[in-house]
Amino acid sequence: MADGLPTYFFRIRENGAQVFRVDTANRQRRIEMDPIAVINIKNGEVKPQGDRLLSETDMKEIRHWMQHRENVLAARELDDIQRTLEHLNMTAQWAQSRATEAQLDEVTDALLLAMHDLRTVLVRKRSETLAKE
C-alpha cells in the first residue's frame, strides 16, 4: 500500500502550499508526514519549518512543484476567461430570448457597468500595445 507513495506531499494553500516529507520507513509502517517548508507561489518564497535545513533534493522537488503549480494556475486562468466568453454569449441569448422584464431589471445595471469596465480596460490595453508597435 504505502510503497508507491511519493516522497513529498504538497498541501495546497491559498498562495502556495505546505510541504511535507512522506515517511513510511518506520517500525509501525505508518505514514508519517513531516512538515518541512511553506511555499508562497506569488513571491517565490520557500520558508523551512522550524530549524530545518532543506536539502538540495528538497529544494529541487519544491521548485519543480512550484513551476508545475504556476503552469496549472495559468492554464486555469485562461480557461476561466474562455468560460467567461461563453457565459457572455449565453447571457446575451438569455436576455434576448428568455429573460423576463423583472429578471432584466435585476441584472441590467450590474452587467452594463461590468461590461463598460471591461471594455475600458481592453481598449486601454489594446491602445498601449498599438502605441508600442
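The values are calculated or read from the model by the stated rules, or taken from the named source; none is laboratory data. This structure is a prediction, so every number in the text was calculated from the model and none was measured. Don't worry about glycine lacking a Cβ; one is built from the backbone with ideal geometry, like all the others, and counts go over all protein chains shown.
Residues that are surrounded by 14 or more Cβ atoms within 10 Å (Cβ to Cβ), at pLDDT 90 or above and out of contact with any Gly (no Cβ under 8 Å at 6 or more places or on another chain) within the stretch 20-39 comprise PHE20, ARG21, VAL22, MET33, PRO35, ILE36, ALA37, listed in sequence order.
Considering MET66, MET90, the condition of being closer than 30 Å to ALA114 by Cα, surrounded by 10 or more Cβ atoms within 10 Å (Cβ to Cβ), among the hydrophobic types (A, V, I, L, M, F, W, C) and at pLDDT 95 or above is satisfied by MET90 alone.
Take LYS47 and decide whether it is under 22 Å from the mean Cα position of the chain (by Cα), basic (Lys, Arg) and in a helix (DSSP H, G or I). Show your work before the answer.
On the way: under 22 Å from the mean Cα position of the chain (by Cα): yes; basic (Lys, Arg): yes; in a helix (DSSP H, G or I): no.
Judged against the criteria, LYS47 is not a match.
Flag set for THR100, criterion: exposed (fewer than 11 other Cβ atoms within 10 Å of the Cβ) and among the hydroxyl-bearing types (Ser, Thr, Tyr).
Restricted to the stretch 6-32, and to residues that are among the charged types (D, E, K, R) and not in a strand (DSSP E or B), which residue is farthest from ASN43 (Cα to Cα)?
Taking the stretch 6-32 and keeping what is among the charged types (D, E, K, R), we get 11, 13-14, 21, 23, 27, 29-30, 32.
Subset that is not in a strand (DSSP E or B): 14, 27, 29-30.
Numbers: GLU14: 13, ARG27: 39, ARG29: 37, ARG30: 35 Å.
This residue is ARG27.
Being of a type in the set (Asp, Glu) and exposed (fewer than 10 other Cβ atoms within 10 Å of the Cβ): is that true of ASP51 here? Steps first, answer last, please.
Working: of a type in the set (Asp, Glu): yes; exposed (fewer than 10 other Cβ atoms within 10 Å of the Cβ): yes.
It is true that ASP51 is of a type in the set (Asp, Glu) and exposed (fewer than 10 other Cβ atoms within 10 Å of the Cβ).
Being in a helix (DSSP H, G or I), touching a helix residue (DSSP H, G or I) at 6+ places or on another chain (Cβ under 8 Å), without any contact (Cβ under 8 Å) to a residue 40 or more places away in the chain and of a type in the set (A, V, I, L, M, F, W, C) holds for only one residue in LEU73, LEU111, LEU118, LEU122, and it is LEU111. Screening GLU133 against (1) in the same structural domain as LYS42 (by TED's automatic domain parsing); (2) more than 30 Å from GLY16 (Cα to Cα) leaves a single unmet condition, (1).
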